[in-house]
Amino acid sequence: MNVSETIKKYKLVPVVVIKDFADAESSLGALVRGGLPIAEVTFRTACAPDVIRLATQKFPEMLVGAGTVINAEQARQAIECGAKFVVSPGLAEDVAEVCKELGVPYYPGVVTPTEVIKAVSLGLTELKFFPASDFGGLKTIKALSAAFPQVRFMPTGGVNEGNVLDFLAFEKIFACGGSWMMKGSAEEIEAKTKSAMAHIGGV
């Protein structure tokens, strides 16, 4: 499974926050049934490693990654549990080093030209733009893209079904991260995921 190509194929990366491990299988299954077999499981909760491990075992067709990874220790733990990609809210050099060492794609968060330059110097050109809505959204991404034509972005933070098509219409955006489809029961997650996939189907 090529991580980058899979993310570009589906165009959406659900940001999954599981607070209670008991909810993990039903929530992840709802994404798969909804037609979006990708999950960025955030490391904000104590059960995140177990959720990643469960996801890789129960849903082998799913591309499972770790989000909110802020240090090398978390990165190693996430990858050991089966994470196939790593995402950070900012740019962490030690995380970049671990991911490079272990051959796992790393999507660091950036919002400024200086951060983009740092990412490019580390060999990273597919970057998370976070928090997108608080730092100028599409307007800022277009400005950064003009200065850094080799870079592609994944805006996350404030992305929803109302604006996702605007983001995806810009050629320098390879996918969007979002959590709006993860609200509610498993049935609601499945329905919202199906709606999201139908919504972006023509992009």
Charge dipole of the range 108-203 about the Cα centre (unit charges at C-beta), most positive-ward option of Phe135, Ile173, Val151: Val151
Spacing of the two label points (7 Å from each Cα toward its C-beta) at Lys9 and Ala191, in nm: 2.9
Whole-number percent relative contact order across the range 115-199, with pairs defined as alpha carbons under 8 Å at least 6 apart: 24
Amide hydrogen neighbours beyond the local backbone of Phe129, cut-off 5 Å, H modeled: Val110, Met154, Thr156
Point-charge dipole on Cβ atoms (K/R +1, D/E -1) for the chain, about Cα centre, debye to 20: 460
Neighbourhood charge, 14 Å Cβ-Cβ cut-off, centred on Leu91 and excluding it, Lys, Arg +1 and Asp, Glu -1: -2
Of all accessible heavy-atom area on the chain, the percent that carbon and sulfur account for (1.4 Å): 53
Net dipole in debye of the range 87-203 [+1 Lys, Arg Cβ; -1 Asp, Glu Cβ; about Cα centre; nearest 20]: 320
Residue-normalised accessible area of the chain, given per residue in Å² at a 1.4 Å probe: 44
The chain - Rg (one decimal) and Dmax (whole number), Cα, Å: 15.7, 46
Segment Asp23-Leu165, length gained on full extension (0.36 nm per residue, minus Cα span): 48.1 nm
Average Cα contact separation per residue, the chain, under 8 Å, 6 or more apart, as relative contact order %: 21
Positive-end residue of Leu31, Cys99, Val111, charge dipole of the range 1-137 with Cβ unit charges: Leu31
FRET E, pair Arg33, Asp134, Förster distance 41 Å, beta-carbon r, rounded to 0.05: 0.80
Residues of the range 113-129 with amide N under 17 Å of a point placed 7 Å along Cα→Cβ from Ala143: 113-117, 129
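The values are calculated or read from the model by the stated rules, or taken from the named source; none is laboratory data. Everything numeric in this text was worked out from a predicted model, so none of it was measured. Cβ atoms come from the backbone with ideal geometry, glycine included; neighbour counts cover every protein chain shown. Heads up: the accessible areas ignore ligands, DNA and RNA and are worked out on the full protein's heavy atoms, side chains in. Shrake-Rupley method; radii C 1.70, N 1.55, O 1.52, S 1.80 Å.
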